[in-house]
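Engineer: Okay, handing you the structure first.
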Amino acid sequence: MYNGQWVVDGHADILYRMEGEGLGFYDPDSKLQQSFSHMAASGIDVQVFVTFVEPRLTPSEQLYKVLASLDRFYREVAKPGIIAPVFSAHDLQAVLQSGQRAALLSLEGADALNGQIGVLHALFRLGVRLIGLTWNGANSVADGVGEARGAGLSQFGRDVVRTMRSLGMVVDVSHLAERGVWDVLDIYGGPVVASHSNAAAIHAHRRNLSDDQVRGIAATGGIVGATFVPGFIGDKNVLASEDLLRHIDHLLTVAGPDGVALGSDFDGIDTTLADLRNGSDYPLLLEKLERRYGSEVLTKVAGGNWLRVFSQILPAK
Ligand SMILES: [Zn+2]
């Protein structure tokens, strides 16, 4: 917690670096940008653990990697009394009340589904509760922002989004091409999130969201997770939290205080903001948010909005 507020980080690629570089989550000297020491130092209560895999792999190779990452999470991250995986709205409340930290599992890029809805059901049973439908390229669900065709959801993609809603999974539209975002907003029927994206009005980057998209997401009761990726924040050589705050100012104006949250993208980035280098620096941002917007807005942006969305979407029990 930070000053009595729940703190949630909606996107970090910790598992990707654990898998690829053999880094230890509990190693006190871990090179991870978001290790357990950083989480503990900064009072992060809920962390979304993403299973990003190399997009150049075939869908079935990606599925093997995803399974390996999920297994690594259960063996090396989840720890009774310390970090508990969350599968339902009930779990989330129970874990937070017990003083443990909560972890949710997310898939970044639905390539591993390989066009099969059965794989989606299986990943749900293995604990996955969020899916970013694409990375930058195209897959069987939709096109990402890097695919020039810019198509929306495929027929399979529509099945995936509807099935996710009925199972109780969060649809993440970060990385998705614009048409796909509108398709999701049309058919999901619940709060839609962009876990790690900033405002295109402040910095025109393909990974950032237009004001219309931000409004569309907020209208579902969803959230945009402002992200610490320097390339999405601005063009200067050295960027800092003050530059990120310009995006948060704008997102708050367009989406309102219920529509903005945080998604660091730690361990998915090679360079960082000068003063947000790892999870331990999180409180510096929270302090600035509190000073700038007051404690009511801080409560929502720091974690309250993520918690609201999770409790609305996840299975009740
Ligand atoms: Zn990403």
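Engineer: Let me spell it out: the conditions are (1) in a helix (DSSP H, G or I); (2) among the aromatic types (Phe, Trp, Tyr); (3) touching a residue at least 40 places away in the same chain (Cβ under 8 Å), and PHE87 meets all of them except one. Which number is the exception?
Structural biologist: In the conditions (1) in a helix (DSSP H, G or I); (2) among the aromatic types (Phe, Trp, Tyr); (3) touching a residue at least 40 places away in the same chain (Cβ under 8 Å), PHE87 misses (1) alone.
Engineer: Yes or no: segment 146-155 includes at least one residue that is more than 17 Å from the chain's Cα centre (by Cα), part of a helix (DSSP H, G or I) and more than 23 Å from ASP13 (Cα to Cα).
Structural biologist: Yes, segment 146-155 has at least one match.
Engineer: Something else now. Among the residues of segment 17-39, is any among the small types (Gly, Ala, Ser), in contact with a Leu (Cβ under 7 Å, 6 or more places away or on another chain) and either away from the ligand (no atom under 16 Å from the Cβ) or not in a strand (DSSP E or B) (or both)?
Structural biologist: yes
Engineer: Separate question: Sort out which residues of segment 41-66 are part of a helix (DSSP H, G or I) and either touching a residue at least 12 places away in the same chain (Cβ under 8 Å) or within 16 Å of the ligand (Cβ to nearest atom) (or both), and write them in order of number.
Structural biologist: ALA41, SER42, PRO59, SER60, GLN62, LEU63, LYS65, VAL66
Engineer: To continue, here is another question. Count, please, the residues in segment 3-16 that happen to be closer than 14 Å to MET39 by Cβ and part of a loop (DSSP other than H, G, I, E, B).
Structural biologist: Looking only at that region, the number is 2.
Rundown of residues vs (1) within 16 Å of the ligand (Cβ to nearest atom); (2) in a loop (DSSP other than H, G, I, E, B); (3) free of Cβ contacts under 8 Å to residues at least 12 places away in the same chain, yes/no style:
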{"position": "VAL160", "(1), (2), (3)": "no, no, no"}
{"position": "THR163", "(1), (2), (3)": "no, no, no"}
{"position": "SER166", "(1), (2), (3)": "no, no, yes"}
{"position": "ASP186", "(1), (2), (3)": "no, no, yes"}
{"position": "ALA201", "(1), (2), (3)": "no, yes, no"}
{"position": "ARG206", "(1), (2), (3)": "yes, yes, no"}
{"position": "VAL214", "(1), (2), (3)": "no, no, no"}
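Engineer: Mind listing just one residue for me: the one in segment 290-307 that is over 15 Å from GLY4 (Cβ atoms) and either in contact (Cβ under 8 Å) with a residue 60 or more places away in the chain or of a type in the set (Asp, Glu) (or both) and, of those, surrounded by the fewest Cβ atoms within 10 Å (Cβ to Cβ)?
Structural biologist: The initial filter retains those residues of segment 290-307 that are over 15 Å from GLY4 (Cβ atoms), namely 291-293, 305-306.
If we keep only those that are either in contact (Cβ under 8 Å) with a residue 60 or more places away in the chain or of a type in the set (Asp, Glu) (or both) too, we end up with 305-306.
Working: ASN305: 27, TRP306: 29.
Residue satisfying both the conditions and the ranking: ASN305.
Engineer: In the set LEU130, LEU92, which member is under 13 Å from LEU314 (Cβ atoms), assigned to a strand (DSSP E or B) and either within 16 Å of the ligand (Cβ to nearest atom) or not acidic (Asp, Glu) (or both)?
Structural biologist: So the residue among LEU130, LEU92 that is under 13 Å from LEU314 (Cβ atoms), assigned to a strand (DSSP E or B) and either within 16 Å of the ligand (Cβ to nearest atom) or not acidic (Asp, Glu) (or both) is LEU130.
Engineer: While we're on this one: Here's a check for you: in segment 95-116, which residue that is within 16 Å of the ligand (Cβ to nearest atom) and not aliphatic (A, V, I, L, M) is nearest to ASN139 (Cα to Cα)?
Structural biologist: By that ranking, first place goes to ASP111.
Engineer: Return the residues of segment 227-267 that are within 16 Å of the ligand (Cβ to nearest atom) and surrounded by fewer than 21 Cβ atoms within 10 Å (Cβ to Cβ); say none if nothing qualifies.
Structural biologist: GLY231
Engineer: Mind telling me which of the residues VAL145, VAL119 ends up being within 16 Å of the ligand (Cβ to nearest atom), among the β-branched types (Val, Ile, Thr) and either at pLDDT 95 or above or surrounded by 15 or more Cβ atoms within 10 Å (Cβ to Cβ) (or both)?
Structural biologist: Working: VAL119 fails: within 16 Å of the ligand (Cβ to nearest atom).
Just one listed residue meets the conditions, VAL145.
Engineer: Given the structure, is LEU107 outside any loop (DSSP other than H, G, I, E, B) and in contact with a Leu (Cβ under 7 Å, 6 or more places away or on another chain)? Spell out how you get there, then give the answer.
Structural biologist: Working: outside any loop (DSSP other than H, G, I, E, B): yes; in contact with a Leu (Cβ under 7 Å, 6 or more places away or on another chain): yes.
Considered against the rule, which asks whether it is outside any loop (DSSP other than H, G, I, E, B) and in contact with a Leu (Cβ under 7 Å, 6 or more places away or on another chain), LEU107 comes out as yes.
The values are calculated or read from the model by the stated rules, or taken from the named source; none is laboratory data. Quick caveat, the model's predicted, so the values are computed rather than measured. Neighbour counts run over all protein chains shown; Cβ positions are idealised from the backbone, glycine included.
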